[in-house]
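Throughout, read-outs are computed from the coordinates displayed, never taken from laboratory work. Everything numeric in this text was worked out from a predicted model, so none of it was measured. Note that we place each Cβ from the backbone using ideal geometry, even for glycine, and neighbour counts take in every protein chain shown.
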Amino acid sequence: MHRLQVLSKQLTSGALTERPSTISSSADYERLYKRSIEDPNGFWAEMAKDFVWSKTWDKDHFKSNFNVNNGPIFTHWFKGGKTNIAFNCLDRWVAAGRGSQPCFLWEGNEPHQQRTMTYSDVLAEVCRLSNWLLCQGVKMGDTVSLYLPMVCELPIAMLACARIGAVHSVIFAGFSADSLAQRIMDCKSRVVITSTGTMRGTKPVDLKGIVDKALDLCNKGGHKVDRALVVEDSSCPLQPGVGFQASRDVWWHQHIPQQAAQCEPTWVDSEQPLFLLYTSGSTGNPKGVVHTTGGYMVGAGVSTKYVFDMQPGDVYWSTADCGWITGHTYLTYGPLLNGAICVLFGSTPTYPDQARCWQVIEKYKVRQFYTAPTLLRSLLQHGDDWVTKYDRSSLRVLGSVGEPINEHAWHWFHEVVGEKRCPIVDTWWQTETGTHMITPLPGSWCKLKPGSASLPFFGVQPVLLSPEGKEVTGHGEGILAIKGAWPGMARTLHNDHGRYESTYFAPFSGYYFTGDGARRDEDGYIWITGRVDDVINVSGHRIGTAEVEGALAEHPLCAEAAVVGVDHPIKGQSIYAYVTLTDAQRQGKEMRQILVDHVRKTIGPFAVPDVIHWAPSLPKTRSGKIMRRVLRKIAMGQEKELGDVSTLADPSVVDLLISLRGK
Ligand code: PRX
């Protein structure tokens, strides 16, 4: 196969030391990959045998339809099977004698704040919380919303829901009260789990206050939350003015310890929903991506094992927050399905100083370290000494996720952090794909090219399509799509299967449309070139331009807004907003602050535009469509490359906008 042939000069290999890697040759990879494509039913059934099922799946367990012309889009894996993912994450390891092995090594905001929970501890706490949820009347299929910082109670709450067949919806604790309310109402959670607050570096974040506001908004919207369970964070107590509503709020530390530490798992059908996770699209409201149990479990467990070369007892650290998909698949489920010891990091990577990450790696002897390019870029500018002061000899595999990694950051990661000893797995995947899709595998046989996500994982058939939907063969560039189903893929969007079909399957019938562009080189390696839709990626956070535009346009003084992503040296992309005011006299610093505060309140701090560019009008085609290509070029100071603007209804708007840049 030509994918693994010729190794050009720029190739770098990263040999693992000490123990043989899970896959030891390209022939092994090729054989398994080929089998996974030719016989998905059989291949995944074999992989699934590593997990515990209360009922085995049917012989022909896999079926899917990706073609919108052939009826509804669907996929099922392990049909007929019954399992419980929390059992597979916890009970299985306790039964195998690993009960006293650490499961979570939590490190708080301050380096001295630590907590170790063993697999037995976590299992007992999960059972107690499951019992409490049952007492609240939470049933199989009900959704529980989790709005928590990175404390052990967050993955515990996810696992407790999974244990009883309830669906968790984690909302990143950086979202505003408005966004939280929208997400709670959308899935009609009656129970919310939160904490008093959290410290992010030197800054307290008043989570309970935000929840109170959100629940008021829910009430106004006609949805009542019956119960808020609150974790007490002693370093960030309730803020002045924030209280407890006796009829609704209860403390975790008063109610959970009273519950029994055993709870029979509910064995659920493979296709029973496991979680909802809201993510941004190019239009409209955030989408509630639905992942189900059996296929997701097998996909998460198997990819973690192969991609991170993981064995039980390995110390693994992902800097992701459980509020995003990486925190679900590769911080909670994947590592625990493999019996790993997970570092849970409840601080920020630059607090109290730039050495924090390397200190953590030294302290816990981390073997696999998984992070985002934006973090590497922000750290590398401070020099190598921060890194080299600490012992990183435990490291074996380095991982990158969330955005394309530039060559400079890749080399720094490889050479300075990993001492040229550790392969970098540059993993391309998405909230919707659930699990890794394109990635190198660790081992000296797998040649690495800085910046390339490399090769498809088992069961994944990436294709590049021309705008007309024709497959580009050999080396070339196109829209990245996936042919055929894989076990971890999202099955639907909450309450909106039509939107699932129209977003992912209608653009190119017969394929899953990723929204990314990509290039395949002469060796068959895939290079992700970035989004082809109106989604932007800021510090690895996915943000829909439409959402930020919507938030701006909600302000009474904003007549119209258009948002584009522009290149940013650290964040990858930053948010650049063009705003037309109802009263141009108000343009100025004060108005900018008002709009920034408004976006912070409506979505959250991470969605705030870096630049607001006053726009008396916007460049539109005669049919009224905003030409974002033009706006992007103006924002980046590339007006010489504007291209054809003759289709604009009023081409003079371009010069006007250029003249207002920086004003
Ligand atoms: O554009 C791709 C980028 O992140 C998008 C998915 O974002 P999200 O659903 O939030 O999931 C992020 C964590 C999996 C993709 O469409 N992306 C993700 N990983 C990579 C990447 N771009 C380039 N290289 C990657 N390794």
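Summary table below
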{"item": "Residue-by-residue Karplus 3J(HN,Hα) for the range 194-208, coefficients 6.51, -1.76, 1.60, Hz, glycine and proline x", "result": "8, 9, 4, x, 8, 9, 10, x, 9, 9, x, 10, 8, 5, 5"}
{"item": "Straight-distance crosslink candidates among lysines, where the alpha carbon sits under 16 Å from residue 55 and sequence neighbours closer than 8 are dropped", "result": "79, 82"}
{"item": "The chain - mean residue ellipticity at 222 nm from DSSP helices (-39,500 (n - 2.57) per run, n ≥ 4, rounded to 500)", "result": "-7500 deg cm²/dmol"}
{"item": "Cβ charges +1 (Lys, Arg) and -1 (Asp, Glu), total dipole of the chain, debye", "result": "280 debye"}
{"item": "Whole-Å distance, taken between Cα centres, linking the range 449-486 and the range 340-416", "result": "30 Å"}
{"item": "Mean-position separation - Cα centroids, the range 517-563 and the range 612-663, in angstrom", "result": "18 Å"}
{"item": "Extension gain (nm, one decimal) between residue 226 and residue 311, 0.36 nm per residue minus Cα-Cα", "result": "26.4 nm"}
{"item": "Hz values of 3J(HN,Hα) by residue in the range 89-94 - Karplus curve (6.51, -1.76, 1.60), Gly and Pro given as x", "result": "7, 10, 3, 4, 6, 5"}
{"item": "Mean shadow area of the range 539-660, taken as a quarter of the surface of its Cα convex hull (nm²)", "result": "7.6 nm²"}
{"item": "Ordering of 85-91, 116-122, 593-599 by burial proxy (mean other Cβ atoms within 10 Å per residue, highest first)", "result": "85-91, 116-122, 593-599"}
{"item": "Distance between modelled label sites at residue 46 and residue 393, nm, 7 Å Cα→Cβ extension", "result": "3.9 nm"}
{"item": "Exposure proxy order (Cβ contacts within 10 Å, fewest to most) of 191, 52", "result": "52, 191"}
{"item": "Ranked by how many other beta carbons lie within 10 Å on average, peptides 213-224, 557-568, 481-492 from highest", "result": "481-492, 557-568, 213-224"}
{"item": "Highest to lowest packing among 27-33, 240-246, scored as the average C-beta count within 10 Å", "result": "27-33, 240-246"}
{"item": "5 angstrom amide H check on residue 457, placed H, neighbours 5+ away", "result": "438, 439"}
{"item": "Overall Cα dimensions of the range 248-403 - principal axes, largest extent first, Å", "result": "50, 45, 39"}
{"item": "Partners for residue 213 among lysines (Cα-Cα distance below 22 Å; same-chain residues under 8 apart left out)", "result": "188, 203, 224, 601"}
{"item": "Anchor residue 447: lysines whose Cα lies under 20 Å away (excluding residues fewer than 8 positions away in-chain)", "result": "9, 34, 305, 420"}
{"item": "Shape call, the chain: gyration tensor on alpha carbons, a/c limit 1.5", "result": "rounded"}
{"item": "The range 132-148-the range 272-316 distance, computed between alpha-carbon centres (Å)", "result": "20 Å"}
{"item": "Contact order normalised by residue count of the range 539-660, Cα under 8 Å, 6+ apart, percent", "result": "23 percent"}
